Amino acid sequence: MRCRVIVRAACLGAAGLLSSQPSRAQAEHGLTPEYVIIDRTDSEADIVRKAASIVPAPRQLAWQRQELTAFVHFGMNTFTVQEWGSGSADPALFNPTGLDAGQWVKVLKDAGMKSVILTAKHHDGFCLWPSKYTIHSVRSSPWRGGEGDVVAEVASACRSLGMRFGIYLSPWDRHESSYGDSPRYNEFFRNQLRELLTGYGDIAEVWFDGACGEGPNGKRQEYDWQSYYALIRELQPDAVIAVMGPDVRWVGTESGEGRLSEWSVIPENGGGLDSIGARSQRTALDAAYTPGNLMQEDLGSRVKILGARALRWYPSEADVSIRPGWFYRADQDDRVKPPAELVDLYFSSVGRNSVLLLNVPPDQRGRIHENDVKSLRGMRTILDHIFRTNLLEQAQVRESHPSNRHPVRYAIAGDGESFWEPENGGDSAFAVCSWRTPRAFDCAMLQEEIRLGQHVERFRVEQWDGRAWAEIARGGTIGEKRLLRFPLVTTRKVRFVIEQSRGPFEISALGVFRMPGKATF
């Protein structure tokens with residue numbers, strides 16, 4: 001019997017979180033359930049079983065369930081109209097005329113974001129808080145008479161509106177003189193990190209890219225990543241560390257799109273950091289993209305895990321900007337992504353087992369521009385329209401292997417606590433949903449109960465055409481959420497078929513929906 005079945009009843013508590021208590025074998029290795037070792041004597045069946053037993057840590061689960069996170073690029077580059085500043089800009093240039101963090105957070109919350117990540121310091125080294133370790137900060141600017149603190153204002157606005165708050169702190173600092181003197185700069189960086197982790201309340205996410213260029217002395221820095229992680233774990237243990245970190249990985253492009261089969265359980269690989277850093281935060285990323293390390297199309301299939309030395313839960317974050325650039329530029333006001341394109345991004349990221357990290361850069365006033373606000377509101381309206389009515393709630397249901405404990409109707413109810421698991425405990429099954437009169441739909445949703453792992457490897461959706469079952473969509477992985485769009489079908493029956501899984505599977509939600517007719521996607 002699989003260990004996840006043994007712990008299910010005990011670990012799914014009222015809070016809806018999976019216990020992070022390690023198994024005996026994991027405890028012996030000092031490991032938690034999101035990480036397992038593959039032994040040399042393990043058979044293919046053993047490895048698949050181990051992969052199926054891996055679950056997210058509570059902080060990873062909370063992060064994944066957010067679905068949408070806002071990235072806020074704001075700083076000196078907003079005023080110099082650059083993407084990567086040199087570090088030589090005069091702090092006097094930073095002077096937003098009407099900074100309103102409350103407006104930012106309300107706009108982002110209304111769009112459906114659950115968390116805000118602020119660029120506390122970008123590569124130019126200018127700090128949006130009055131760090132005592134450098135004069136290159138808001139303290140030296142005319143804004144708020146040198147008494148301002150952007151980090152504090154955004155953190156406060158997030159708390160007031162019930163949003164989670166995260167920070168981006170660039171390790172690359174093109175202003176700091178100690179950069180390139182590795183021991184000195186690592187201590188400098190830890191000091192700044194400590195300021196942010198102790199002075200602004202709860203931090204939900206710490207976001208690092210791997211950019212590592214030359215500093216003002218012409219030298220490159222050797223980052224002490226492990227010491228950064230240790231400090232975060234000490235001061236903000238519930239924060240996820242992304243994407244140059246152990247909790248969340250970068251999807252591999254800045255297109256906002258996940259893979260068609262996006263596994264959260266992947267082989268442990270300490271490489272890939274240089275590759276991520278070299279491509280991070282560039283607007284023309286796709287032209288330079290080459291597969292490798294954690295950027296291959298296939299990261300977690302059976303072929304991949306059979307050659308692994310260890311497996312870990314390492315989910316994907318897909319980042320993209322609402323504009324062509326990451327920082328605000330007035331000449332891009334008419335190039336804001338329209339609502340339908342943002343909905344496309346939702347389907348290709350959240351709908352592919354990733355979290356969408358959408359950058360929305362405030363302008364030189366210190367406000368989110370009206371064009372961005374309009375587009376975000378349009379996106380939210382469309383998404384609310386699509387998912388307002390799950391047509392399966394009106395259907396009669398039968399299943400191939402009926403279960404009294406976990407029937408398929410639990411997945412249709414989608415209450416967040418129960419799930420469908422066929423009685424036979426096998427790796428394949430189907431469920432048929434029928435209506436008295438035909439229903440029209442062009443979108444399907446499936447979700448796994450990832451508190452118990454990610455297991456489905458292949459599935460399909462079919463409609464009854466009056467004579468036989470006809471396939472309308474298929475997929476590989478499901479994970480936290482899988483969304484599929486297809487030409488409009490009108491039918492009295494739809495069938496969900498799980499073709500292959502890593503042992504027993506648990507489906508927490510099933511649905512079919514109708515896309516709005518006026519929008520073009």
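Things worth noting here:
- Test result for residue 259, crowded, with 17+ Cβ neighbours inside 10 Å and within 11 Å of the chain's Cα centre (by Cα): no
- Residue match in region 209-218 (condition: in contact with a Phe, Trp or Tyr (Cβ under 8 Å, 6 or more places away or on another chain) and among the polar types (S, T, N, Q)): yes
- Subset of region 222-243 (residues that are crowded, with 20+ Cβ neighbours inside 10 Å and either of a type in the set (Asp, Glu) or at pLDDT below 90 (or both)): 243
- Among strands (runs of 3 or more DSSP E) entirely within region 298-387, having at least 1 residues that are within 22 Å of residue 83 (Cβ to Cβ) and within 23 Å of the chain's Cα centre (by Cα) singles out 316-321, 354-359.
- Residues located in region 239-256, provided they are aliphatic (A, V, I, L, M) and over 11 Å from the mean Cα position of the chain (by Cα): 239, 241, 244
- Any hit, region 180-200, residues being under 20 Å from residue 138 (Cβ atoms), surrounded by fewer than 21 Cβ atoms within 10 Å (Cβ to Cβ) and hydroxyl-bearing (Ser, Thr, Tyr): yes
- Every residue from region 145-162 that is farther than 21 Å from residue 122 by Cα, surrounded by fewer than 17 Cβ atoms within 10 Å (Cβ to Cβ) and not hydroxyl-bearing (Ser, Thr, Tyr): 145, 159, 161, 162
- Residue match in region 432-444 (condition: without any contact (Cβ under 8 Å) to a residue 40 or more places away in the chain, of a type in the set (Lys, Arg) and out of contact with any helix residue (DSSP H, G or I) (no Cβ under 7 Å at 6 or more places or on another chain)): no
- Filtered by the rule that a residue be among the charged types (D, E, K, R) and surrounded by fewer than 20 Cβ atoms within 10 Å (Cβ to Cβ), region 443-464 gives 458, 460.
- Residue within region 340-360 that is surrounded by fewer than 19 Cβ atoms within 10 Å (Cβ to Cβ), of a type outside the set (S, T, N, Q) and touching a helix residue (DSSP H, G or I) at 6+ places or on another chain (Cβ under 8 Å) present: yes
- Residues of region 133-168 that are assigned to a loop (DSSP other than H, G, I, E, B) and either closer than 16 Å to residue 360 by Cβ or not small (Gly, Ala, Ser) (or both): 133, 134, 135, 136, 142, 147, 149, 161, 163.
- Tally, over region 28-37, of residues that are among the charged types (D, E, K, R) and buried (at least 20 other Cβ atoms within 10 Å of the Cβ): 1
- Meets criteria (touching a helix residue (DSSP H, G or I) at 6+ places or on another chain (Cβ under 9 Å) and among the hydroxyl-bearing types (Ser, Thr, Tyr)) for residue 381: yes
- Residues that are assigned to a loop (DSSP other than H, G, I, E, B), in contact (Cβ under 8 Å) with a residue 12 or more places away in the chain and either under 17 Å from residue 511 (Cβ atoms) or within 29 Å of the chain's Cα centre (by Cα) (or both), drawn from region 392-431: 395, 406, 407, 408, 414, 416, 417, 418, 419, 421, 427, 428
- For region 466-521, the candidate set comprises residues that are surrounded by 14 or more Cβ atoms within 10 Å (Cβ to Cβ) and polar (S, T, N, Q); within that set, the residue that is farthest from residue 399 (Cα to Cα) is 477.
So that you can scan it fast, the table gives a plain yes or no per residue for (1) surrounded by fewer than 17 Cβ atoms within 10 Å (Cβ to Cβ); (2) in the same structural domain as residue 349 (by TED's automatic domain parsing); (3) under 30 Å from residue 428 (Cα atoms):
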{"residue": "365", "(1), (2), (3)": "yes, yes, no"}
{"residue": "368", "(1), (2), (3)": "no, yes, no"}
{"residue": "372", "(1), (2), (3)": "no, yes, no"}
{"residue": "377", "(1), (2), (3)": "yes, yes, no"}
{"residue": "398", "(1), (2), (3)": "yes, no, yes"}
{"residue": "409", "(1), (2), (3)": "no, no, yes"}
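The values are calculated or read from the model by the stated rules, or taken from the named source; none is laboratory data. Note that this is a predicted model, so its numbers are computed, not measured. Please note: Cβ atoms are built from the backbone with ideal geometry, for glycine as well, and neighbour counts cover all protein chains shown.
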